[in-house]
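S.K.: After the structure tokens below, expect a handful of questions from me.
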Amino acid sequence: MTWMRWGLAAASMMLVAVVAPAPVAAQTAIEVVVNNKPITSFDIRQRAGLLRLTTGRGGAAANRAAKEELIDEQLKMQEAERIGLQVSKAEVDRAFADLASRVKLSANGLSQALRRAGVRPETLRDRLEAEIAWGQILRARFQQEVRISEADVIAALRRQDDSDNETSTEYRVQSIIFVVPAKASSGQKSQRRRDAERFRSSFSSCDQSEALADQYSEVVVRPAQLRLETELPPPVRELVEKTPVGKTTSPQDTPNGYELYAVCDKREIASNAAARMEIEDELRNKEGQQLSRRYMRELRRRAIVDYR
């Protein structure tokens, strides 16, 4: 649940909490065991009470949802423990206080409102701790497994049918580096620059980059990449804008040596910064949701869940 949804849910919770009676105490028993970790009937009643306040669900439906949510929560916390991730009390305190502030309450005020509704503040804090841990787990795995490619973003931009979008130039650019050793003499540097200039004068297409580079020693030819003009560093963008397709920029003195940028292709597309940011956020959010579902299915599949 996002913070915005939590804020709205918490607002609803406060309205109900003013009048909701505390539940009658009941006997506690173990209802589910998740990888040897018990979930009790008390835990389920408390979580069902929180769901009743935040979603309006009650009765058997709230109990079923609470049970499954607690199972997922146990798996999340067990996974956090497995990879050595710990959520500090300070992080939970901040999340709890932030949630309280969204409904114009102090942390103590939110705790009191929960207690009046028969829900222990620790029930909400446990949920927040699990969500913080899960978010950190997903971010770490997201960085390893998910890549929002430039091609995906550009393809999404092209699909947009928005006549108000400004036009932007998309380049396919290739970097060629004539490596210069760190302790090279001035004579060696001059020779490498002359080599780079000869390469430039002979260059006519990115298709021939590697074959042409093979005629020289210690030349790195990087794969061509799609880049919008706004993504190129200003000095490089200025050089690329002046370079025709099928040609390279003049050699640039860099820490790695003399670098040329070959313009393999360019085209005008409809684009603007706001649209691009929105598309990137949508793609990341979609990938993140899919990753979360896959991850949880993996944990469920490996888990031993004993319903009592």
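The values are calculated or read from the model by the stated rules, or taken from the named source; none is laboratory data. In this text the structure is predicted, and so the values were computed from the model without any measurement. All Cβ positions, glycine included, derive from the backbone under ideal geometry; neighbour counts span all protein chains shown.
S.K.: Between residues in the range 195-210 that are more than 12 Å from T249 (Cα to Cα) and residues that are of a type in the set (S, T, N, Q), which pairs lie under 7 Å by C-beta distance while being six or more apart or on different chains?
M.R.: C206/Q174; S209/Q174
S.K.: Checking the condition of a type in the set (S, T, Y) and within 29 Å of R284 (Cβ to Cβ), which residue from S111, S101 passes?
M.R.: Being of a type in the set (S, T, Y) and within 29 Å of R284 (Cβ to Cβ) holds for just one of S111, S101, which is S101.
S.K.: Does the range 92-99 contain any residue that is over 22 Å from L138 (Cα atoms) and modelled with pLDDT of 90 or more?
M.R.: Pass one, the range 92-99, residues over 22 Å from L138 (Cα atoms): 97.
Pick out the ones that are also modelled with pLDDT of 90 or more and you get 97.
Yes; the residues of the range 92-99 include at least one that is over 22 Å from L138 (Cα atoms) and modelled with pLDDT of 90 or more.
S.K.: Could you look through the range 101-119, keep only residues that are under 19 Å from L51 (Cβ atoms) and in a helix (DSSP H, G or I), and pick out the one that is farthest from the chain's Cα centre (by Cα)?
M.R.: The first filter runs over the range 101-119 and keeps only residues under 19 Å from L51 (Cβ atoms), leaving 102-103, 110-111, 113-119.
Then drop every residue that is not in a helix (DSSP H, G or I), which leaves 102, 110-111, 113-116.
Values: R102: 24, L110: 30, S111: 32, A113: 34, L114: 32, R115: 35, R116: 38 Å.
Only one residue tops the list, namely R116.
S.K.: Among residues belonging to the range 162-183 that are among the small types (G, A, S) and part of a strand (DSSP E or B), point out the one that is modelled with the highest pLDDT.
M.R.: S175
S.K.: Checking G58 against (1) touching a residue at least 40 places away in the same chain (Cβ under 8 Å); (2) at negative phi, only one condition comes out false. Which one?
M.R.: The failed condition is (1).
S.K.: Moving to a separate point now. Given the conditions (1) modelled with pLDDT under 90; (2) part of a strand (DSSP E or B), and given that E282 satisfies all but one, which numbered condition is not satisfied?
M.R.: The number of the failed condition is (2).
S.K.: Go through (1) closer than 23 Å to E170 by Cβ; (2) modelled with pLDDT under 95; (3) within 32 Å of the chain's Cα centre (by Cα) and name the single condition P255 misses.
M.R.: The one condition P255 does not meet is (1).
S.K.: Could you give me the residue pairs with C-beta distances under 9 Å whose first residue belongs to the range 291-303 and is over 15 Å from E68 (Cα atoms) and surrounded by fewer than 15 Cβ atoms within 10 Å (Cβ to Cβ), whose second residue is of a type in the set (S, T, Y) and at pLDDT 90 or above wherever it lies, and which are 6+ apart or on separate chains?
M.R.: none
S.K.: Can you find, within the range 202-245, the residue that is farthest from Y171 (Cα to Cα) among those that are in contact with a strand residue (DSSP E or B) (Cβ under 6 Å, 6 or more places away or on another chain) and of a type in the set (K, R)?
M.R.: R222
S.K.: If you don't mind, there's one more thing I want to ask. Could you say which residue among A95, A65, A80 is under 26 Å from M296 (Cα atoms) and touching a Ser or Thr at 6+ places or on another chain (Cβ under 9 Å)?
M.R.: A65
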